[in-house]
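Okay, structure first, notes after.
None of the figures in this text is laboratory data; all of them are computed from the coordinates on show. All of these numbers come straight from a predicted model, not from anything done at the bench. Cβ: placed from backbone, ideal geometry, glycine included. Neighbour counts: every protein chain shown.
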Ligand code: HMG
Ligand code: MG
C-alpha cells in the first residue's frame, strides 16, 4: 500500500552538479544547499568526496561543506567511494555518507575502477569505521535496470548486490535507474524480486528521467510501499560515466504529484520552483522540469 508520508532525498547539489559542464562557484553551491534546506528538505546530498581527477566538479567539496548554514533538521550526506573519501567527508562535517556500487560489472569498472566484488571490499572499512563513529551509511546500486555498456541487467544481480550492502550494515539501498531507461513494468519486476528479501523501509528509489518514465516509475514504487525517493531540484543531473543519461527526476515534479496524491513531504513546492530557477540561471540553461517551465518567471 501507498505510504502517507514520503522522504524526498535531494541529490541536486551532488548528482546534479557533478556532471554540469560549467564549474559552479562555491558560494552558488552553498546558496543552493541553503535554499533547499529552507524549502523543508530534510535529506540533502551536499557533495561527493571522490577523486578530483575523476570528477573535477566536486573538487571543492570541503569548502562547500564548510560554508553551509547548518539547519538542525537537515541531515547533510556525502558520496564516498572509499575510506579516503569517508575520512574527508566526516572531517568536513557530513552527517551521513553514501557508498555506491553497481549491478553491472562494466559500469562498476568505468565509474569506480573496480569490479563489483572489489568495490564491496573497499566499502568494508568504510562501514566498520562508520559503525564506530555512529555514522549512517546509505548505498546506491547503479544500473539496476539497464547499463549503458551491457544493456539489461537481471533483477537477481541487483538483489545480490543490494543484499550484500544491507548485510554489511547500510541502513538503506537506493535502487538506481542510472540512465533513466526503466519502465513501470521493469520497476514492478525488480521490486517483486527485491522486496521478497529486503523490506520496503530499507529501500529508496533513485530515478533519472531520460526516457520520461520517472514519475510513472515512482508511482509504481509508491504502490509497493517505497517511501524514500531521490530527486534533484530543476531536474539537474546525470552521471559523467553514463553517457546519454539526462537529469534526475525533478524535485518539483515529484512534489507536485505527491501533493496531488495527498502524500506528505514537508517540502514547500513554490520554494523549490524558485530554487530551480535560481540554479538554472546560475548554470545558464533553462530548468529541466515541467513545473518550473509551467511557472516560468
Ligand atoms: P582509482 O584511480 O582507481 O583510485 O580511482 P586509487 O585508489 O588508485 O587512487 C588514485 C588517486 O586518487 C590517489 O592519489 C588517491 O589518493 C586518490 P595519487 O596517489 O594518484 O595522488 N584518491 C582520492 N582522492 C580524493 N578523494 C578520494 C580518493 N580516493 C582515491 N575519495 C576512485 C578510484 C573510486 C577514487 C575513482 O574512480 C573515483 O573517484 N570515482 C568516482 C566516480 C564518480 O564520482 N562518479 C559519479 C558518482 S556515481 C553516480 O552518479 C551514480 C548515482 O547517482 C546513482 C545512479 O544514478 O546510478 C550515485
Ligand atoms: Mg544518479
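Relative contact order for the chain: 21 percent, from Cα pairs under 8 Å spaced at least 6 residues apart, divided by residue count. Take every DSSP beta bridge whose two residues both sit in the chain; close to 10 percent of them are antiparallel. Note: relative contact order over segment 1-137, using C-alpha pairs below 8 Å and six or more positions apart, is 20 percent.
Taking the radius of gyration and the Kirkwood hydrodynamic radius from Cα positions alone, what is the Rg/Rh ratio for the chain, to two decimal places? With Rh from the inverse mean 1/r over Cα pairs, Rg/Rh is 0.93.
For the chain, a Gaussian network of Cα nodes joined below 10 Å ranks 63, 181, 144 by mean-square fluctuation, and the top entry is 63. Highest mean packing comes first when the peptides 216-228, 29-41 are listed by Cβ atoms within 10 Å, giving 29-41, 216-228. Kirkwood-type hydrodynamic radius, segment 60-194: 15.5 Å, calculated from all non-identical alpha-carbon pairs. The alpha carbons of segment 1-111 occupy a box of 41, 38, 27 Å along the principal axes, longest dimension given first. Please label the shape of segment 179-297 as rounded, prolate or oblate, based on the square roots a ≥ b ≥ c of the eigenvalues of the alpha-carbon gyration tensor (a/c under 1.5 means rounded; beyond that, a/b larger than b/c means prolate, else oblate). It is oblate, given that a/c is not under 1.5 and a/b is not larger than b/c.
Put simply, when 43-49, 184-190 are sorted by average Cβ atoms within 10 angstrom per residue, most first, you get 43-49, 184-190. Relative to its residue count, segment 167-232 spans a Cα convex hull of 83 Å³ per residue. So what's the gap between the Cα centers of segment 125-149 and segment 228-268, to the nearest angstrom? Rounded to whole Å, the Cα centres lie 20 Å apart. Computed per residue of the chain from DSSP H runs no shorter than four, each worth -39500 (n - 2.57), the mean residue ellipticity at 222 nm is -12000 deg cm²/dmol. Projecting label points 7 angstrom from Cα along Cα→Cβ for residue 189 and residue 154 puts them 1.3 nm apart. When peptides 89-99, 168-178 are sorted by average Cβ neighbour count within 10 Å, with the highest value leading, the order is 168-178, 89-99.
If both residues of a DSSP beta bridge must be in segment 46-198, then about 10% of such bridges are antiparallel. In segment 126-184, Cα pairs under 8 Å separated by at least six residues give a relative contact order of 46 percent. P(r) for segment 136-182, from all Cα pairs and a bin width of 5 Å, is 5, 25, 30, 21, 12, 6, 0 %, short bins first.
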